[in-house]
Amino acid sequence: MYNLNPKETVITITNFISSYIQQSGTKGAVIGLSGGIDSTVSAYLSVKALGKENVFGILIPEKELTSPEDILDATEVAHILNIDFSVVEISEIIKLFYHSIPEVDKTNRLATGNLKARIRMSILYYYANLMNRIVIGTGNRTEILLGYFTKYGDGGVDIEPLGNLFKTQVKQIAHHLEVPYQIIEKPPSAGLWAGQTDEDDLGLSYEIIDNILFTLLDKGKPVEYATEQFGIDKEVISNLMERINKNQHKRHVAPTP
């Protein structure tokens, strides 16, 4: 994995954010603050690009699932950046969905997790519409390539400032921006069910995944080369590539005939 130039990268991304706002004719941005590294870096960059008065943070915890540490970290980020923010707790909204859907299956993690992500998206866009602002996405290149996000959920945003950075590169930017250490080192999680972590779901660490993706996609090396280079079973690497192909639909506008 190559090391990027954090200073130049920050300039590129902040210019991108400010240019998009100008072209869109909106008054600023809203961003979901989860207490994780991606949302935190996105918030830092948004404030650099737009000024603190033009960025509004929204915490969207779920009672009895979202950890107190995540709420504290998200709140700390808002205070460090000196941005206005609001908290919308969603457990009662989720219960209403459960009550209203006759075929509801609370044990289905995929359906339930995606529902929660889409509820959060709806709240972000409600605020964006109220305030005439855009929704800043927090997805990174690793997640976007692998389809590790909810279609029309956390993937439902106006721009993805981190979309060309691998997860490990986001970490480099976080260090450069002096993001609180506990946020940088926290195990990444979408927070959709108890005990969930990204790396458990994906089966490999982000560092290994990013090196594999960089080797195959950016350097154009074959799967066999990556297998030998990283000592990872060929089938595991092939499954990563299959995941990229299978999730193309998440990265494109819905097809038309």
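What do you reckon, is ALA111 assigned to a helix (DSSP H, G or I), farther than 19 Å from GLY32 by Cβ and aliphatic (A, V, I, L, M)? Quick ask: steps written out before the conclusion?
Numbers: assigned to a helix (DSSP H, G or I): yes; farther than 19 Å from GLY32 by Cβ: yes; aliphatic (A, V, I, L, M): yes.
When the stated conditions are applied, ALA111 passes them.
Taking the criterion of being among the small types (Gly, Ala, Ser) and at pLDDT 95 or above, the residues of segment 112-131 that qualify are ALA117, SER122, ALA128. Exactly one residue out of GLU76, GLU103 is assigned to a loop (DSSP other than H, G, I, E, B), more than 16 Å from GLY28 (Cα to Cα) and of a type in the set (Asp, Glu): that is GLU103.
Against the conditions (1) in a helix (DSSP H, G or I); (2) more than 26 Å from ASN3 (Cα to Cα), THR256 satisfies every one except (1).
Condition check for THR26 on (1) at pLDDT 95 or above; (2) touching a Ser or Thr at 6+ places or on another chain (Cβ under 7 Å); (3) closer than 27 Å to LYS250 by Cβ: one failure, at (2). Within segment 235-246, can one find any residue that is buried (at least 18 other Cβ atoms within 10 Å of the Cβ), of a type outside the set (S, T, N, Q) and in contact with a helix residue (DSSP H, G or I) (Cβ under 7 Å, 6 or more places away or on another chain)? Yes, the conditions are met somewhere in segment 235-246. Of all residues in segment 22-41, those satisfying the criterion of being surrounded by fewer than 23 Cβ atoms within 10 Å (Cβ to Cβ) and within 12 Å of ALA128 (Cβ to Cβ) are SER24, THR26, LYS27, GLY28.
Would you check which residues across segment 201-257 are of a type in the set (Val, Ile, Thr) and in contact (Cβ under 8 Å) with a residue 40 or more places away in the chain and list them?
Initial filter on segment 201-257 (of a type in the set (Val, Ile, Thr)): 208-209, 212, 215, 223, 227, 232, 236-237, 244, 253, 256.
Of everything in segment 201-257, those that are of a type in the set (Val, Ile, Thr) and in contact (Cβ under 8 Å) with a residue 40 or more places away in the chain turn out to be ILE209, ILE244.
Assuming LEU202 fulfils every condition listed in (1) more than 22 Å from GLY153 (Cβ to Cβ); (2) hydrophobic (A, V, I, L, M, F, W, C); (3) surrounded by 15 or more Cβ atoms within 10 Å (Cβ to Cβ) apart from one, which condition is it? The single condition LEU202 does not satisfy is (1).
When only residues in segment 42-67 that are of a type outside the set (Lys, Arg) and either modelled with pLDDT under 95 or in a loop (DSSP other than H, G, I, E, B) (or both) count, which is surrounded by the most Cβ atoms within 10 Å (Cβ to Cβ)?
So in segment 42-67, the residues of a type outside the set (Lys, Arg) come out as 42-47, 49-51, 53-62, 64-67.
Those still in the list that are either modelled with pLDDT under 95 or in a loop (DSSP other than H, G, I, E, B) (or both) too: 51, 60-62, 64-67.
Details: GLY51: 12, ILE60: 23, PRO61: 21, GLU62: 18, GLU64: 7, LEU65: 16, THR66: 19, SER67: 14.
Checking each candidate, the answer is ILE60.
The values are calculated or read from the model by the stated rules, or taken from the named source; none is laboratory data. These figures come from a predicted structure and were not determined experimentally. Counting neighbours? That spans all protein chains shown, and the Cβs are built from the backbone with ideal geometry, glycine included.
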